[in-house]
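Okay, structure first, notes after.
The values are calculated or read from the model by the stated rules, or taken from the named source; none is laboratory data. Everything quoted here is computed from the prediction, not taken from an experiment. FYI the Cβ positions are ideal-geometry reconstructions off the backbone, even for glycines, and counts take in every protein chain you see.
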Amino acid sequence: MQKTYVLDTNVLIQAPYALQSFEDNHIVLPLAVLEELDALKSADGERGANARQTIRYLEVLRAQGNLIDGVPLPAGGTLRLEMNCVDVRLPEGFPEYKNDNRILKVCQALKEQQDKVVLVTKDILIRIKAQVMGIEAEDFTTEQAPISTEQYSGRCEVFVPEKVFEGFKKNGISPHDVYQVDEDGQKLPVALVCNQFVILRSDQSLRKTQLGRFNGKKIIPLRYKRKKPYGVTPRNVGQYFLQEALMTGAEEAPLVIVKGMAGTAKTFYTLAVGLEAMLEQETPQYRKILISRPNVHFDDDIGFLPGDEAEKIAPLLRPVIDNLELLVDQNEKERFADECSLSGKVDDLFDRCIIDAQALNFIRGRSVAKTYLVIDEAQNLTPKQAKGIITRAGMGTKIILLGDPQQIDHPLLDERTNGLSYAAEKMKGSPLCFQITMSAAECVRSALAMDAVQRM
């Protein structure tokens, strides 16, 4: 049975291709949506670009027929425009002049004419108001990753027969030799994903463990387990896996996606490996370390801030500077004895162009070659931004996306629709992508931070 979907503006400004995502069903755009697109078409940043893209597609459809009567879509459905249905009465307390309520009036009018009308909107409050009016409403889920508990973590734990376990370092282990156990103690086969990290446990002694990675054919030992990038030693299993992903060269692992809560040393370890590759190698692996941190309240307004680019983005770099201070002077007793000297060591990294920082909107559109590109707080990326960054990678470039899907500042994103989770889901199983999710138990910030993780 065909449905009629009424689209809110926020769907189109996040996913301009949404008009092509409803198969053979009917799409209705209220006039209020066109007015909001018109107001957004001159906006800077991704919102304005997506509004313009949507408008251009509507013009293509307009050339094919009358949008008031409806025009066919490539997938088999139709698209038509609907006026504001001024004769429809709203519940008391719903001001008619608000665009959200004008969209609801269209939904109500269509509902009175036919059975299956669905409002599609990213706005939770509109979905609540729709429920009050008895209108079915849902989120736009085409770009959604699974819920956080079901998202790919990049790691798993398996059991191995003792004889096979003993020969792991020399021969590796076939994925057919490992298994997991259900609640009843029954053995279950394991479906491993390419580049998935594995904790191996001997089935004769659970205390005997080894760490490995599935390379698509077999589970192999970690290559960089004994390394100490820039003097940093892994403190837990997650950091061993993280170190392996980061230290693997750009030719083999050009994309690394790291998820985890604050305090799990994502940024710290990433910078340590970058400095190791730039300063401790006879021939530097990369031209420079390039850092960017998306910020929904900042990216589009950077031009209005005083100073040059470095001064404009300085406030966003403070967390990065904090980590660099820990790395450039690892003597805990002397680190903060001379704040000026410490600051000078960090500034020297920027002055020598070992580390560079750019606003996200300056990175998009570039082709970045032989660069260690770090995108911190990547959970604030939209799926389109994440795709745009990953496709910027030139030869010899390694891209690292870091973030916590539980800490999102973007009003239209959540733990399932943000660019970090989207990229993780789409790149799952790619031989060119390493992924790891740090666990809460791997928080290393402080005793207080660890205690807060467990209590709050």
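Structure values in brief
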{"quantity": "Hits in the range 229-264 (condition: assigned by TED's automatic domain parsing to the domain that holds ASN418, over 22 Å from ALA449 (Cβ atoms) and small (Gly, Ala, Ser))", "calculated": "ALA245, GLY249, ALA250, ALA253"}
{"quantity": "Residue in the range 80-102 that is under 32 Å from the mean Cα position of the chain (by Cα), among the hydrophobic types (A, V, I, L, M, F, W, C) and either modelled with pLDDT under 95 or closer than 30 Å to GLN385 by Cα (or both) present", "calculated": "no"}
{"quantity": "Boolean, LEU67 is over 31 Å from the mean Cα position of the chain (by Cα), under 17 Å from THR4 (Cβ atoms), among the hydrophobic types (A, V, I, L, M, F, W, C) and modelled with pLDDT of 90 or more", "calculated": "yes"}
{"quantity": "Elements of type helices (runs of 4 or more DSSP H) in the range 91-171, at least 2 residues being charged (D, E, K, R), in contact with a helix residue (DSSP H, G or I) (Cβ under 9 Å, 6 or more places away or on another chain) and farther than 30 Å from LYS225 by Cα", "calculated": "99-113"}
{"quantity": "Subset of the range 20-57 (residues that are in contact (Cβ under 8 Å) with a residue 60 or more places away in the chain, in contact with a strand residue (DSSP E or B) (Cβ under 8 Å, 6 or more places away or on another chain) and surrounded by fewer than 17 Cβ atoms within 10 Å (Cβ to Cβ))", "calculated": "LEU31"}
{"quantity": "Scope the range 3-30; condition closer than 15 Å to LYS111 by Cβ and either among the acidic types (Asp, Glu) or touching a Lys or Arg at 6+ places or on another chain (Cβ under 9 Å) (or both); matching residues", "calculated": "LYS3, THR4, HIS26, VAL28, PRO30"}
{"quantity": "Any chance PRO405 is buried (at least 19 other Cβ atoms within 10 Å of the Cβ), assigned to a loop (DSSP other than H, G, I, E, B), at negative phi and at pLDDT 90 or above", "calculated": "yes"}
{"quantity": "Strands (runs of 3 or more DSSP E) contained entirely in the range 187-303, each with at least 3 residues that are surrounded by fewer than 21 Cβ atoms within 10 Å (Cβ to Cβ)", "calculated": "187-189, 197-202, 205-214"}
{"quantity": "Lone unmet requirement of (1) in the same structural domain as LEU188 (by TED's automatic domain parsing); (2) of a type outside the set (S, T, N, Q); (3) over 24 Å from THR417 (Cβ atoms) for TYR152", "calculated": "(3)"}
{"quantity": "From ASP376, ASP351, residue being of a type outside the set (Val, Ile, Thr) and buried (at least 17 other Cβ atoms within 10 Å of the Cβ)", "calculated": "ASP376"}
{"quantity": "Every pair of residues 6+ apart whose Cβ atoms lie under 6 Å, when the first sits in the range 209-223 and is within 15 Å of HIS176 (Cα to Cα) while the second is hydroxyl-bearing (Ser, Thr, Tyr)", "calculated": "LYS218/SER174"}
{"quantity": "Pair list, Cβ < 6 Å and 6+ apart or interchain, from the range 97-120 residues that are under 15 Å from ILE27 (Cα atoms) to residues that are in a strand (DSSP E or B) and of a type in the set (Phe, Trp, Tyr)", "calculated": "VAL118/TYR5; VAL120/TYR5"}
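Conditions tested, residue by residue: (1) basic (Lys, Arg); (2) touching a Gly at 6+ places or on another chain (Cβ under 9 Å); (3) more than 19 Å from THR209 (Cα to Cα).
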{"position": "LYS116", "(1), (2), (3)": "yes, no, yes"}
{"position": "THR121", "(1), (2), (3)": "no, no, yes"}
{"position": "GLN131", "(1), (2), (3)": "no, no, yes"}
{"position": "GLY134", "(1), (2), (3)": "no, no, yes"}
{"position": "VAL160", "(1), (2), (3)": "no, no, no"}
{"position": "LYS163", "(1), (2), (3)": "yes, no, no"}
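Okay, residues lined up against (1) at pLDDT below 90; (2) touching a Leu at 6+ places or on another chain (Cβ under 7 Å); (3) closer than 19 Å to HIS410 by Cβ:
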site	(1), (2), (3)
ILE355	no, yes, no
ASN361	yes, no, yes
ARG366	yes, no, no
THR371	no, yes, no
ASP376	no, yes, yes
GLN379	no, yes, yes
THR382	yes, yes, yes
GLY388	yes, no, yes
